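Undergrad: Sharing a structure with you now.
The values are calculated or read from the model by the stated rules, or taken from the named source; none is laboratory data. None of the values given here were measured: they were computed from a predicted structure. Glycine gets a Cβ as well: all are built from the backbone with ideal geometry, and neighbour counts include every protein chain shown. Side chains are part of the model used for accessible areas, which takes the heavy atoms of the whole protein and leaves out ligands, DNA and RNA. Shrake-Rupley method; radii C 1.70, N 1.55, O 1.52, S 1.80 Å.
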Amino acid sequence: EQYDLLYLKGVTLPKECLSSRLLLADEKVVYVQVIDQKKKSDNHVISFLNHELTAELWELTLESGWCSRFKADPNFPPEVYEILYHQWIMKSLHGIIATDVLVYMQDNVPIGFLTYKKDMEKVQIGLVAVSKEYAGKGIGTKLMQSFLSRFEKGTLIEVATQRKNQGACRFYERNQRP
């Protein structure tokens, strides 16, 4: 009753625990995969590390966070979402918080992107989005396969999303298969 913010890990709240005073802003799902075979790269996927932020990439960045708790939680002012995601993509493009930013280009326009950070133990995917005009056309899968092609067999890949983002959940479940 005296909390403003509460994070619970490894707990699923029963619906009867939720009330008008309690907002479930984010239910995180983590997908883990170990690369078991070499994937094919796509020539449309290029590194955008140290590139400028384009208008198209900014739109994709905003699209990647449509289910973000920073957008969903009314306790955050509306501008917080855009400020945080702007910082996230800028720091990713400059290699501060990401190892690389992979962009799927079509006719010299970014239509999909994926950021990731590689450390000694795993590779963690950050932001992922495909332009709405190209959704369902295999661009995300080609982007994911090109991303996976950069790593050796046995590499651990991890990505987190929100349970309410069913499209992302289905995408990651599909792309965990060989």
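Undergrad: Which condition breaks for Q33 when tested against (1) surrounded by 13 or more Cβ atoms within 10 Å (Cβ to Cβ); (2) without any contact (Cβ under 8 Å) to a residue 60 or more places away in the chain; (3) out of contact with any helix residue (DSSP H, G or I) (no Cβ under 8 Å at 6 or more places or on another chain)?
TA: It is condition (2) that Q33 fails.
Undergrad: Could I ask something else about it? Please work out which residue is farthest from the chain's Cα centre (by Cα), limiting yourself to the stretch 93-144 and to residues that are of a type in the set (D, E) and surrounded by fewer than 13 Cβ atoms within 10 Å (Cβ to Cβ).
TA: D107
Undergrad: Here is a further query. Among the residues that make up the stretch 46-57, is at least one of them over 24 Å from T155 (Cβ atoms), in contact with a Phe, Trp or Tyr (Cβ under 9 Å, 6 or more places away or on another chain) and in a helix (DSSP H, G or I)?
TA: Checked against the condition, which is being over 24 Å from T155 (Cβ atoms), in contact with a Phe, Trp or Tyr (Cβ under 9 Å, 6 or more places away or on another chain) and in a helix (DSSP H, G or I), the stretch 46-57 yields at least one hit.
Undergrad: Okay, next question. Filter the stretch 40-67 down to residues that are at pLDDT below 90 and either in contact with an Asp or Glu (Cβ under 8 Å, 6 or more places away or on another chain) or farther than 16 Å from V128 by Cβ (or both), then give me how many there are.
TA: Going through the stretch 40-67 one residue at a time, the tally reaches 1.
Undergrad: Please go through the stretch 22-65 and give me each residue that is small (G, A, S), farther than 17 Å from F171 by Cα and out of contact with any Ser or Thr (no Cβ under 6 Å at 6 or more places or on another chain), ordered by number.
TA: A25, S47, A55
Undergrad: Filter the stretch 68-85 down to residues that are over 15 Å from the mean Cα position of the chain (by Cα) and open to solvent by less than 80 Å² (accessible area, probe 1.4 Å) and give me whichever is modelled with the highest pLDDT.
TA: Within the stretch 68-85, the match that is modelled with the highest pLDDT is V80.
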